[in-house]
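The values are calculated or read from the model by the stated rules, or taken from the named source; none is laboratory data. Everything quoted here is computed from the prediction, not taken from an experiment. Quick reminder, even Gly has a Cβ in these numbers, built from the backbone with ideal geometry, and neighbours come from all protein chains shown. Keep in mind that these areas ignore ligands, DNA and RNA; they rest on the heavy atoms of the full protein, side chains included. Shrake-Rupley method; radii C 1.70, N 1.55, O 1.52, S 1.80 Å.
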Amino acid sequence: IDVGGFKKQFFDVAQFADAGSIALTAVGGSVLLAGNSVLNLSAHAEGGSAGSLVLTASGGGTVALNGTIAAQAGAGGKGGAFALDIAALPGHAGMSETLNAAGFTAARRFRIRSGDVLVDGVTTVADFSLIADQGAVTLAGTIDARSEFGGTIAISAGNGLTMLGSTV
């Protein structure tokens, strides 16, 4: 799926269109990206902002990001935005590594309906939001929200929030 940004030349002036958005929803099932699948949400390399990816797996489904995902910003633009609504999040560190590499640096929003969440690994994004409706959240890794205009970190846990000494 390709919603990447593009460049349009108007005589001697170039204009850039930002990338679009992709929303994948499985009601009562899972969202599984196969190893050969491609989601392109990148801006044109010379300008523009990356797009947004929204994944929803309701009814106990899972999400697997095994394909190629690109959401890099163009020159002077913003990186991609990512949102996930899922029953449980078994591995934040692996997903965060994938999202960092893909270029989702503008925003990440997680809504976890049930179960505890361990936020480990390194997350690099300007705007980070995590809501655990019924579970506890344990912060054990790094959330780096530094950005040009200041970052935001918002975490809400329905059953307690623990910040370990290793958290940055």
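Based on the Cβ-Cβ distance from Val54 to Ala93, what FRET efficiency comes out when R0 is 22 Å, to the nearest 0.05? Don't skip to the answer; put the middle values down first.
Values: r = 22 Å, r/R0 = 0.98.
Plugging the Cβ-Cβ distance into 1/(1 + (r/R0)^6) gives 0.55.
Taking a probe of 1.4 angstrom, what is the accessible area of Ser147 in Å², to the nearest 10?
Using a 1.4 Å probe on the heavy atoms, I get roughly 50 Å².
In 5 Å bins starting at zero, report the fraction of Cα pairs in the stretch 1-119 per bin as a rounded %.
Result returned by the calculation: 3, 12, 20, 22, 17, 11, 7, 4, 2, 1, 0, 0.
In whole percent, and with a 1.4 Å probe on the protein chains, what portion of the accessible area of the stretch 10-78 is carbon and sulfur?
On the way: 1930 of 3510 Å².
For the stretch 10-78, the apolar C and S fraction of the accessible surface comes to 55 percent.
In terms of modelled amide H atoms, which long-range or inter-chain residues lie less than 5 Å from the amide H of Leu53?
Distant-sequence amide H within range of Leu53: Ile22, Ala81, Phe82, Ala83.
Relative to the longest principal axis of the C-alpha atoms of the chain, give the angle of the C-alpha long axis of helix 92-102, reported between 0 and 90° and rounded to the nearest 10°.
Helix 92-102 sits at roughly 0 degrees to that axis.
What residue among Asp85, Asp12, Asp127 shows peak mean-square fluctuation when the chain is described by a Gaussian network model with Cα springs under 10 Å?
Asp12
Before rounding to the nearest 500, sum -39500 (n - 2.57) across all DSSP H runs of length at least 4 in the chain and divide by the residue total; then give [θ] at 222 nm in deg cm²/dmol.
Numbers: 1 runs with 11 residues, N = 168.
For the chain, the value works out to -2000 deg cm²/dmol.
Can you give the convex hull volume of the alpha carbon atoms of the stretch 47-100 per residue, in Å³? List each step's numbers first, then the result.
Working: hull volume 3.9 nm³, N = 54.
Hull volume over Cα atoms, normalised by residue count, gives 72 Å³.
Return the carbon/sulfur percentage of the accessible area of the stretch 86-168, one whole number, probe 1.4 Å, all protein chains in place. Write out the running numbers ahead of the final one.
Working: 2200 of 4070 Å².
It is 54 percent, rounded to a whole number.
Find how much the distance from Leu161 to Thr142 grows on full extension, using 0.36 nm per residue of separation minus their present alpha carbon separation; answer in nm with one decimal.
Values: separation 19, 0.36 × 19 = 6.84 nm, distance 1.53 nm.
Length gained, Leu161 through Thr142: 5.3 nm.
Whose amide H sits under 5 Å from the amide H of Gly77, counting only residues 5 or more places off or on another chain, with H placed in the peptide plane?
Amide H neighbours of Gly77: Gly48.
Roll a 1.4 Å probe over the protein chains and send me the accessible area per residue for the stretch 82-168 in Å².
Details: 4150 Å² over 87 residues.
Ligands and nucleic acids excluded, the figure is 48 Å² per residue.
To the nearest whole percent, what portion of all C-alpha pairs in the stretch 103-163 is separated by more than 14 angstrom?
53
Show me the three semi-axes of the equivalent ellipsoid for the stretch 1-64, from the C-alpha gyration tensor (sqrt of 5 times each eigenvalue), largest first, rounded to whole Å.
Working: eigenvalues 212, 22, 9 Å².
After diagonalising the Cα gyration tensor, the semi-axes are 33, 11, 7 Å.
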